[in-house]
Structures are given as C-alpha cells and as structure tokens.
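Read the structure below first, then the notes.
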Amino acid sequence: MDNNTNNYLADFPALNQRVNDERLAYLDNAATVQRPRQVIQALVNFYDQDNANVHRGVHTLAERATKDYEEARKKVQKFINASSANEIIFTKGCTDGLNLVAATYGEQNIQPGDEIVISIMEHHSNLIPWQQLAKEKGATLKYIELTPDGELDLADAKKKITDKTKIVAVTHTSNVLGTVTPLKELATIAHQHGAVIVGDGAQAVPHMPVDVQDLDVDFYAFSGHKMMSPMGIGVLYGKENLLRAIPPYQYGGEMINDVHRDESTWADIPFKFEAGTQNIAGAVGLGAAIDYLNGVGMDRIVQKEQELVNYVLPKLIAIPDVEVYGPQSPAKHTGVIAFNIKGLHPHDVATALDMDGVAVRAGHHCAQPLMEDLGVTATARASFYFYNTKEDADQLINAIKETKEFFNIGTI
Ligand code: PMP
C-alpha cells in the first residue's frame, strides 16, 4: 500500500491548510488528533435538533438526547468489548478517569504498608494520583523499570508486584517511547497477587483494537480527543462488580436514588459516577468518532501507522546528531517518536520545524520521571496518525536536515 494515496485527508478540514506558507504536516497526534467533518457534523446535528438535558425529561427533545447519549455509551462498550454498557462511565478524559479510580477504589482499599506499582514511563496523569494516594495512606509507590531498549521490563514487574501490592497502574502505550506494554501479562501477575490492574489507554485506544475482557484489566481509562471526538469527553471502563463496590466520585444531581435530610442513596452504575449535567454533545461526538474509526477499521489503522513508522524511523535514525529515544527497531515502535538534535534545545527544534509547516511537540511530555531516567530534560516528539502520509514523513525529515543546516549542527 502506498501511504501517499490517502483516502482520509479530505475528511479533515484542519489538515488541509497551509501554515507559515508551507503545507501543514500535522505530527502532534499524541497531544491531540484532528477531527473529521463527520464528527463536527454530529455535534452540529445534536445542537441543531436534539439539544436537551438527558434522563429525567419526558419531552421529545429530552428523549432524543437521552437516546443519543446512551447509544454513544453502547458504541464505546462495543468498541472496547466491555461486557455491559453499565461498565462505561463518561468522564472529562483520561486524567479524570484515573483520578476517579484513585479517589474511590484507592481511597476505599489502600491501607498503611500496602504497595502501589506503576511504571517509570507513566504520564503524570497515571503517576501523581497514585503518588498522592500513597502519601496520604502511608503506602509505598514502586516503579517498574525499563529494558535497555526502552520497553517495560516484565522481569522487573514480576519482582515489584508482590502480595503487598494492591494496585498496579500501567500505561498500555507510552506517549514518549512509542512502546506497547504487556498489559495482559501484567494483569495476570497482578491478579495472582490479589491486586487490581488499572490501564491507561490514552495512546492505545485511538491506535489499535482494544479488548478490555481479553486484557482482563479491572479499570481502563482513555480520552476522546485523541481519537477524534470533541475535547472534554473520555471514558473510564470498570468491571461491574468493582464499580458497584466502590463509593461515588462526586455528589450532586443525576447520581442519586433517594435524598433525605440526613441520608442519601446512590443510583445504579454507571450513573452513580456521572454527577451533574454531563458532556452530552461530547459523548455524541465520541460515538461519531467511533463510527469513523470503525469505518476505517482498527486493523487497517495499525497497518497504516506501522507502514509510516517503517518508513520514517530508519530515516530519522540515519540523520547524524539525531538521537531517537525508545526502541530503534520499527517493529517495536508505535507512531510516537521522541528525538533530540544534539546541541539544540527541543523547543528551538519545534519552532524551526513549525517554520517548515511541521507541527511537533517539545517538552517533557508530562513524563518528568521518565525524562530523568533518559538523562534529558525534554525532547521533541513527532507522532503519527492513520491520516498522515509519507509526504508528511519526508517533510519532517527534510525540515530536520534544514534545521541542522540553519544552526550549523554537524554534518547533514
Ligand atoms: N496518559 C497518556 C499516556 C497520555 O498520553 C495522556 C495525554 N497526553 C494522558 C494520559 C492524559 O490525557 P488527558 O490529558 O486527555 O486527560
């Protein structure tokens, strides 16, 4: 397949523009992806026709909005193969979902002396909630380290996860190293020790088929905006028995059964975790994004991104003075590629690339402990999605070479 023949670009208005008089090569997809017009249209349709608050209304618009919202929940259920729509909680995003688990399951189950195990490659969203919970409860936070290649070290995980472990929280895909972790194996190990496992799916769900029952994760969080939905909507999956056993996250309207002067009872799941008016249009948009992803096909997305990585990674590694972090082999690499040009600050690199129309991110990527581990304070990061093309990859490579020339860095 030739990536230059791209059937999808026409659906993405934001990708069809020029920046700084150059063709836009949007390679900041790990931060957020662009939306196809089908998703934008779903939002317009909702606000044009169906806009109302959900659940308690009996009028026609309220019924339509409720149907739209609950249909979106079912689409999410099918998309990640949850066993019931009750296991799908709409959140603000991945960060919100992970905080929910720490504040409810963590609050209820962690005792002094317990251990929480995460990995050194975690995004701050899947690190700080556990760090703070451990501090508050007098528990210990332990880190699974990396192999020299930048993959999660399963042998180290087997040492770190013990009978003292109550929660294992690990990302499914790194937002820096471009590696996929062995989440299913980690779930087995966690369960052997009586711990629950929480998966951070922010960089996984948009890019590959995810089956939460096959993974056997207890909780799994992800964000809509990284899979083409509107911003401000995300999902927390939780096994039904666990969701029923833990306390609510927030209190207010919608999440109650009965309220009296001194006592209240809670609605059934998932509503127990959806206090107040929710991002209904966001959920509808997420449903439209899932329709779009299903139309492309998740297997096809894996294939397209792998082809792009196979094409661009060796070219990037071959440029003198460019250091690529994480595995050097395309077969072990997702479309997230962190790199530095020796002698240049990544912010200067990102600014120079922008002048050539190439959008990449620079910074610590909300993974400061990982940066410390890599011995850097920041990196540049190019991240691909299925709609990217070889032309985007060539533009990146050429812009890096031009940047080196401009700053007079080594040989090009
Ligand atoms: N985890 C990972 C691996 C991420 O890449 C991100 C977003 N960069 C998050 C969690 C947090 O997602 P959000 O900011 O949408 O809540």
TODO: Please find, within the range 233-243, the residue that is surrounded by the most Cβ atoms within 10 Å (Cβ to Cβ) out of those that are under 20 Å from LYS74 (Cβ atoms) and away from the ligand (no atom under 16 Å from the Cβ).
DONE: GLY238
Task: Flag if LEU154 is more than 16 Å from the ligand (Cβ to nearest atom) and closer than 27 Å to ALA338 by Cβ - done: yes
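Quick grid of which residues meet (1) within 22 Å of the chain's Cα centre (by Cα); (2) at pLDDT 95 or above; (3) open to solvent by 10 Å² or more (accessible area, probe 1.4 Å):
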site: GLU151; (1), (2), (3): yes, yes, yes
site: ILE161; (1), (2), (3): no, yes, no
site: ILE167; (1), (2), (3): yes, yes, no
site: THR173; (1), (2), (3): yes, yes, no
site: GLU185; (1), (2), (3): yes, yes, yes
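Taking the range 179-232, which residues are among the acidic types (Asp, Glu) and either without any contact (Cβ under 8 Å) to a residue 40 or more places away in the chain or within 16 Å of the ligand (Cβ to nearest atom) (or both)?
GLU185, ASP200, ASP216, ASP218
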Open item on the list: Just to be sure I understand, how many residues within the range 353-399 are basic (Lys, Arg) and in contact with a Lys or Arg (Cβ under 7 Å, 6 or more places away or on another chain)?
Closed with: 2
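Would you mind listing the strands (runs of 3 or more DSSP E) fully within the range 233-352 where at least 1 residues are over 24 Å from TYR220 (Cα atoms) and free of Cβ contacts under 8 Å to residues at least 40 places away in the same chain? Spell out how you get there, then give the answer.
Working: elements: 234-238, 256-259, 264-266, 322-324, 336-341.
So the answer is 256-259, 264-266, 322-324.
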Open item on the list: Any residue at all in the range 252-273 that's open to solvent by 20 Å² or more (accessible area, probe 1.4 Å), among the basic types (Lys, Arg) and within 27 Å of THR32 (Cα to Cα)?
Closed with: no
TODO: Answer with yes or no whether THR140 is open to solvent by 50 Å² or more (accessible area, probe 1.4 Å), within 16 Å of the ligand (Cβ to nearest atom) and in contact with a helix residue (DSSP H, G or I) (Cβ under 8 Å, 6 or more places away or on another chain).
DONE: no
- [ ] For residues that are surrounded by 22 or more Cβ atoms within 10 Å (Cβ to Cβ) and in a helix (DSSP H, G or I), scanning just the range 76-98, find the one that is nearest to the ligand (Cβ to nearest atom).
- [x] CYS94
Task: the range 29-57: number of residues that are more than 16 Å from the ligand (Cβ to nearest atom), in a loop (DSSP other than H, G, I, E, B) and closer than 19 Å to PRO13 by Cβ - done: 1
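The values are calculated or read from the model by the stated rules, or taken from the named source; none is laboratory data. Nothing here was measured: the structure is a model prediction, and the numbers come from that model. Glycine also receives a Cβ, built like all others from the backbone with ideal geometry; neighbour counts cover every protein chain displayed. Remember, those area values only see protein heavy atoms, side chains included, never the ligands or the DNA or RNA. Shrake-Rupley method; radii C 1.70, N 1.55, O 1.52, S 1.80 Å.
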